[in-house]
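Here the structure comes first, spelled out in structure tokens, and everything after it is commentary.
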Amino acid sequence: MECQNKLSGNSLKDEAASVYDSTRRVEEVYDVAVVGAGHAGCEAALAAARMGMETIMFTVSVDSIALMPCNPNIGGSSKGHLVREIDALGGEMGKNIDKTFIQSKMLNRSKGPAVHSLRAQADKQDYTRQMRFVLENTDHLTIRQAEVSELVVEDGVLRGVKTFSGALYRCKAAVLCTGTYLKARCIYGDVSNATGPNGLQAANHLTDSLKALGIEMFRFKTGTPARVDRRSIDFSKMSEQSGDERVVPFSFSTDPESVQKEQVSCWLTYTNEETHQIIRKNLDRSPLFSGAIEGTGPRYCPSIEDKVVKFADKDRHQIFVEPEGLYTNEMYLAGMSSSLPEDVQYAMYRTLPGLEHVKIVRNAYAIEYDCINPRQLNPTLEFKKIRGLFSGGQFNGSSGYEEAAAQGLVAGINAALSISGKGPLILDRSQAYIGVLIDDLVTKENHEPYRMMTSRAEYRLLLRQDNADIRLSEIGYQIGLVSEERIQYVRWKIREIEKEVKRLENTKIGGNESVQQFLRNHQSTELKNGVSLAELIKRPELDYEQVDCLDPGRPTLPEDVREQVNINLKYEGYIRRQKQQVAQFKKLEEKRLDPSFDYSEVSGLRKEAVQKLNLYKPMSIGQAGRISGVSPADISVLLVYLKQ
């Protein structure tokens, strides 16, 4: 395949051949280079290529494309929102898990729709295989197994990347998605291996190039539990955890009927006091407590050692036993990650009901890796000091497959947009969980791996997973990642929801005996006067589906439209109030700030505020107000200064 050499006008083939003949070094030209092929790298590469950019994706091992080195699932609380948003913008993660899941469950059904979150167990090997198939068959995309060791930057502009073999790949933009591979070290007990996850090759050379460019690095840590042999487990001592009877797909483009299939079970067991005693007696052998591990670990995904120490009052912890796939006997012990020595792992795992004779296939381990301080990034995920260099995923100091994929998608989109000379994609906190995620990373001080949670989103009633297509599909279409067919359906869906809500508000019913009997049957207060169907639906004990028998004029509508009608009516007051809050938020976001401005020129700002504002260089008053160390009084001073 040939791509245009943007610098000389020659074909890539001719250019590469001439350079190779004269210097004995491979040299090629692309629009976008993506470094890493995990969940962030896959989304970044697909986005750039689908937007017409000649894209090359580097990986230390082609076998690690879309690897799931830790938990075997996609989604979960707040993470399901991210996957739905990725899909609405034109990403691939939702489609891929719909093809490869082996169990699916909607979490938090007993709570309101704002926190409903879809979670699916994946067949790990199939997930990787399917994503690789999509990548290998995407136009404008080249996959290359090679370790990128150096960035080529001239006068603050990214010009290309070099591999450890000496090959040069010139490009107009690059996206760094190195995950947990940079100078990675896997540790358990006194065993330390200089490898990436699952024993794969680490990337040991790029860090030095980044530091030479003045990029500030962190050393973070995460961990994973043991994988054990299914045949050594006694499931009769555990509680079976089944999937939903009716499966809801992740992707808005997936036919719901296509995902109704037989599902596998997960299992629940618990640690006990004997487990905790073994852990306490061996804390001196844990690299977490001995100082052998230097990196900072995730607060919201602690190891079992951390749990026992920090939650000493708890006499047990939940452990979910999850299958890693249909064609393997490996089972994942969710909730029991550890870096304790091998013998201690055997001892503590065998105290759990059902695991008395368990056999370990892969030891639990902690992994340390290099990542960046994300405050060096703009909300576009482009480095402030290096034009054309973007970054996504765990390399940005976050944790989780879904957080990584969301950042990779945005970084890949913005890399392509920057080359095209178009304005960037910046999702704000009122538009998407992705906006909250990126804003938190680039605005707040992060001293540990960042994890998305529903509580981080101020406008979560508006940012539900069920309406991600309504919120974001138009943006994905304008970018070029959402098809004409898909956007036409979303536009029709929006019109139908509005039309049906209006019809219900204008459809009145009286208090005749059949209506009163219906209300008595549903333990709902009887009517004294006529009301609209919309008012009935707002009652806590009723919903859109239940009042069907009182509504002979109801049109036939698809399930996703009916769901939105019900939510919009039942939560109308809360939604209206949150929209008012968003309007105030938008006013501050629209007050732009010059990223080159020196805040020491503003009299009245506190010294800490001046330091933080000059450090972060916020793009708006709203972003400035979210910086730790900048008070409301400082924002008032800035607003007065702007008016002057």
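Computed from phi, the 3J(HN,Hα) profile of the stretch 433-441 under the Karplus parametrisation 6.51, -1.76, 1.60 (θ = phi - 60°) reads 4, 4, x, 5, 4, 5, 5, 4, 5 Hz, with x in place of Gly and Pro.
DSSP bridge analysis restricted to the chain gives an antiparallel fraction near 70%, rounded to the nearest 5. For the pair SER600 and GLN516 in one chain, pulling the backbone fully straight at 0.36 nm per residue adds 23.3 nm over the alpha carbon distance. Each peptide in 142-151, 520-529, 236-245, 359-368 was scored by the mean count of other Cβ atoms within 10 Å over its residues; highest first, the order is 359-368, 142-151, 236-245, 520-529. Based on alpha-carbon centroids, what's the gap between the stretch 48-112 and the stretch 580-644 in Å, whole number please? Here the answer is 35 Å between Cα centres. Between LYS237 and ARG280, the modelled label-to-label distance comes to 2.2 nm, taking each label 7 Å out from Cα in the direction of the beta carbon. Note on the stretch 337-477: the C-alpha convex hull projects to 11.9 nm² when averaged across all orientations. For the peptides 255-261, 275-281, the ranking by mean Cβ contacts within 10 Å, running from highest to lowest, is 275-281, 255-261. Each part gets one Cα centre, and for the stretch 447-482 versus the stretch 239-317 those centres are 26 Å apart.
Once C-alpha pairs closer than 8 Å and six or more residues apart are averaged by separation and normalised to the residue number of the chain, the relative contact order reads 16 percent.
With all protein chains kept in place, the per residue accessible area of the chain amounts to 43 square angstrom at a probe of 1.4 angstrom.
The alpha-carbon of LYS612 sits under 13 angstrom from the alpha-carbons of these aspartates and glutamates, leaving out residues fewer than 8 places away in its chain: GLU445, ASP598, ASP634. Each residue of the stretch 381-388 was assigned a 3J(HN,Hα) from its phi angle through the Karplus expression (A = 6.51, B = -1.76, C = 1.60, θ = phi - 60°), giving 6, 8, 5, 5, 9, 10, 5, x Hz with x at Gly and Pro.
Computed packing ranks the peptides 85-92, 339-346 as 85-92, 339-346, most packed first, by mean other Cβ atoms within 10 Å. The phi-based Karplus calculation (6.51 cos²θ - 1.76 cosθ + 1.60; θ = phi - 60°) puts the 3J(HN,Hα) values of the stretch 334-341 at 5, x, 9, 5, 6, 10, 5, x Hz, whole numbers, x for Gly and Pro. Segment GLN581..ARG362, full-extension length gain: 73.9 nm, with 0.36 nm per residue of separation and the alpha-carbon distance subtracted. Per residue, the average separation of C-alpha pairs within less than 8 Å and at least 6 apart gives the stretch 302-452 a relative contact order of 17 percent.
Listed options for volume of the Cα convex hull per residue in Å³ are (i) 221; (ii) 190; (iii) 204. The value calculated from this structure is the one marked (ii).
Give me the percent of accessible area attributable to carbon and sulfur for the chain, probe 1.4 angstrom. Don't jump to the answer; show the numbers that get you there.
Values: 13130 of 27500 Å².
Taking all protein chains in place, the chain shows 48 percent carbon and sulfur surface.
For the stretch 99-206, the extents of the C-alpha atoms along the principal axes are 55, 45, 28 Å, listed from largest to smallest.
Within 12 Å, Cβ to Cβ, of GLN260, how many net charges do the neighbouring residues add up to if Lys/Arg are +1 and Asp/Glu are -1? Don't jump to the answer; show the numbers that get you there.
Details: positive: ARG246, LYS261; negative: ASP98, ASP244, GLU245, ASP255, GLU257, GLU262.
Around GLN260, the charge tally is -4.
The values are calculated or read from the model by the stated rules, or taken from the named source; none is laboratory data. In this text the structure is predicted, and so the values were computed from the model without any measurement. Backbone-built Cβ (ideal geometry, glycine too); neighbour counts: all protein chains shown. Just so you know, the surface numbers come from the protein's heavy atoms only, side chains and all, with ligands and any DNA or RNA stripped out. Shrake-Rupley method; radii C 1.70, N 1.55, O 1.52, S 1.80 Å.
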